[in-house]
Amino acid sequence: MAELSPLRRRMIEDMTIRNLSPATQRSYVHAVAKFSRYFCRSPDRLGLEDVRAFQVHLVSAGISWPALNQTVCALRFFYGVTLGHAEIPERIVYARSPRTLPVVLSADEVVRFLEAVPSLKTRTALTTAYSAGLRASETVGLKVGDIDSERGVIRVEHGKGGKDRTVMLSAQLLRILRVYWRLAKPKEWLFPGRGADRPIDVQVLYSACRSARAAAGIDKRVTVHTLRHSFATHLLENGTDIRIIQVLLGHNNLSSTARYTRVSNGLIRRTTSPLDRLNIEVVPPG
């Protein structure tokens, strides 16, 4: 393995100190390395005009807007934190991404989709994701002890941005989880991987989504995030206050009122999960 340069090591240390996730660290390092390779020079010898030229190059090469903004985040971090040039980051502009409507499943499509997942563990994991509006990483990161049946909530630890939150535990989901627990007997991780010492890989959920979408005959792109969008949309359609939905989703741009709402477990318990309006088969046939 090639030895890390002092500059790259310092950037990694800066990201580690600020508790950036391993995935974010890899993404930032990759973006800065790509920037450096484009000019065949060390990135600390490149300036704002070089950044601008690199952005123009990426756009002309057809990079997606999210990927372009991820690169902007990486360069802003590199110049502002690692190099200590506080005046530079705000001059590295983000791209305004085009607004598109998210894909949302109807209630009937959710039932068809979930019942098309043949594996008990994967079906239960995806049902949990929809029931509580969880991200894929939050779903696989659940532990048995995070299911608090007495208080009627689920604890989500280290969500996006490293933040913890509490979400509702639907009566229907609790019934499904109890059947799953009796059959699968998970120990620490609610959805363990091949080895009990680690959780199921998110790629397993992604693959299951692709297979179930095809098996259910759904003509939409379905991912774990589609279930999250569907959760939020179904709550909104059933009259749930948008501020409560923001809290349940763990959005970071919350007002002070919404931040206060986050600690009210009573309010969370009184919010009905869209799963409770559906009739999902607990155990896959066969």
Where the second residue is open to solvent by 40 Å² or more (accessible area, probe 1.4 Å) and modelled with pLDDT under 90 and the first is closer than 18 Å to VAL144 by Cβ and charged (D, E, K, R) and lies in the range 159-186, which pairs have Cβ atoms under 8 Å and are six or more apart or on separate chains? ASP164/GLU157; ASP164/HIS158
Might you let me know whether the range 113-128 holds any residue that is open to solvent by 40 Å² or more (accessible area, probe 1.4 Å) and either free of Cβ contacts under 8 Å to residues at least 40 places away in the same chain or not in a helix (DSSP H, G or I) (or both)? yes
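I'd like to check something: does the range 275-286 contain any residue that is within 16 Å of LEU114 (Cα to Cα), in a loop (DSSP other than H, G, I, E, B), modelled with pLDDT of 90 or more and polar (S, T, N, Q)? Write out each step before concluding.
Step one: of the range 275-286, the residues within 16 Å of LEU114 (Cα to Cα) are 275-286.
If we keep only those that are in a loop (DSSP other than H, G, I, E, B) as well, we get 278-286.
Among the residues that remain, those that are also modelled with pLDDT of 90 or more are: none.
No, because not a single residue in the range 275-286 is within 16 Å of LEU114 (Cα to Cα), in a loop (DSSP other than H, G, I, E, B), modelled with pLDDT of 90 or more and polar (S, T, N, Q).
Hey, can you tell me all the residues within the range 80-112 that are in a helix (DSSP H, G or I), more than 30 Å from CYS209 (Cα to Cα), in contact (Cβ under 8 Å) with a residue 24 or more places away in the chain and not aliphatic (A, V, I, L, M)? Spell out the reasoning first.
Let us first name the residues in the range 80-112 that are in a helix (DSSP H, G or I), namely 80-82, 89-91, 107-112.
Filter once more, keeping what is more than 30 Å from CYS209 (Cα to Cα): 80-82, 89-91.
Subset that is in contact (Cβ under 8 Å) with a residue 24 or more places away in the chain: 81-82, 91.
Those that are in a helix (DSSP H, G or I), more than 30 Å from CYS209 (Cα to Cα), in contact (Cβ under 8 Å) with a residue 24 or more places away in the chain and not aliphatic (A, V, I, L, M): THR82, ARG91.
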For the range 6-47, name all the residues that are β-branched (Val, Ile, Thr) and open to solvent by less than 60 Å² (accessible area, probe 1.4 Å). ILE12, THR24, VAL29, VAL32
For the range 34-48, give me each residue that is out of contact with any Lys or Arg (no Cβ under 9 Å at 6 or more places or on another chain) and either in a loop (DSSP other than H, G, I, E, B) or closer than 15 Å to TYR94 by Cα (or both). CYS40, ARG41, SER42, LEU46, GLY47
State which residue pairs qualify: first residue touching a residue at least 60 places away in the same chain (Cβ under 8 Å) and of a type in the set (Ser, Thr, Tyr) and inside the range 221-240, second residue assigned to a loop (DSSP other than H, G, I, E, B) and surrounded by fewer than 22 Cβ atoms within 10 Å (Cβ to Cβ) in any location, beta carbons under 6 Å apart, and separation of 6 or more residues or different chains. THR226/VAL103; SER230/VAL104; THR233/VAL104
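Restricting to the range 150-195, and then to whatever is assigned to a loop (DSSP other than H, G, I, E, B) and exposed (fewer than 12 other Cβ atoms within 10 Å of the Cβ), can you tell me which residue is modelled with the lowest pLDDT? Give the steps one after another, and end with the answer.
If we filter the range 150-195 for residues that are assigned to a loop (DSSP other than H, G, I, E, B), which is where we start, we get 150-152, 157-159, 163-164, 169-170, 185-188, 190-191, 193-195.
Checking the rest, the ones that are also exposed (fewer than 12 other Cβ atoms within 10 Å of the Cβ) come to 150, 164, 185, 187, 194-195.
Details: GLU150: 90, ASP164: 83, LYS185: 94, LYS187: 92, ARG194: 86, GLY195: 80.
Among those residues, the one meeting the criterion is GLY195.
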Every listed condition ((1) buried (at least 19 other Cβ atoms within 10 Å of the Cβ); (2) within 29 Å of the chain's Cα centre (by Cα)) holds for ALA95 save (1)
Would you check if there is a residue in the range 200-219 being within 18 Å of THR128 (Cβ to Cβ), open to solvent by less than 80 Å² (accessible area, probe 1.4 Å) and assigned to a loop (DSSP other than H, G, I, E, B)? yes
Quick one: ALA61 ticks every box in (1) under 30 Å from THR226 (Cβ atoms); (2) small (Gly, Ala, Ser); (3) out of contact with any helix residue (DSSP H, G or I) (no Cβ under 6 Å at 6 or more places or on another chain); (4) open to solvent by less than 70 Å² (accessible area, probe 1.4 Å) bar one, so which box is it? (4)
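Yes/no per residue for (1) under 22 Å from LYS163 (Cα atoms); (2) modelled with pLDDT of 90 or more:
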site: THR16; (1), (2): yes, yes
site: SER21; (1), (2): yes, no
site: VAL29; (1), (2): no, yes
site: LEU48; (1), (2): no, yes
site: SER64; (1), (2): no, no
site: CYS73; (1), (2): yes, yes
site: TYR79; (1), (2): no, yes
site: LEU83; (1), (2): no, yes
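The values are calculated or read from the model by the stated rules, or taken from the named source; none is laboratory data. All figures in this text were calculated on a predicted structure; none of them were measured in a lab. Please note: Cβ atoms are built from the backbone with ideal geometry, for glycine as well, and neighbour counts cover all protein chains shown. SASA here: full protein model, heavy atoms, side chains in, ligands and nucleic acids out. Shrake-Rupley method; radii C 1.70, N 1.55, O 1.52, S 1.80 Å.
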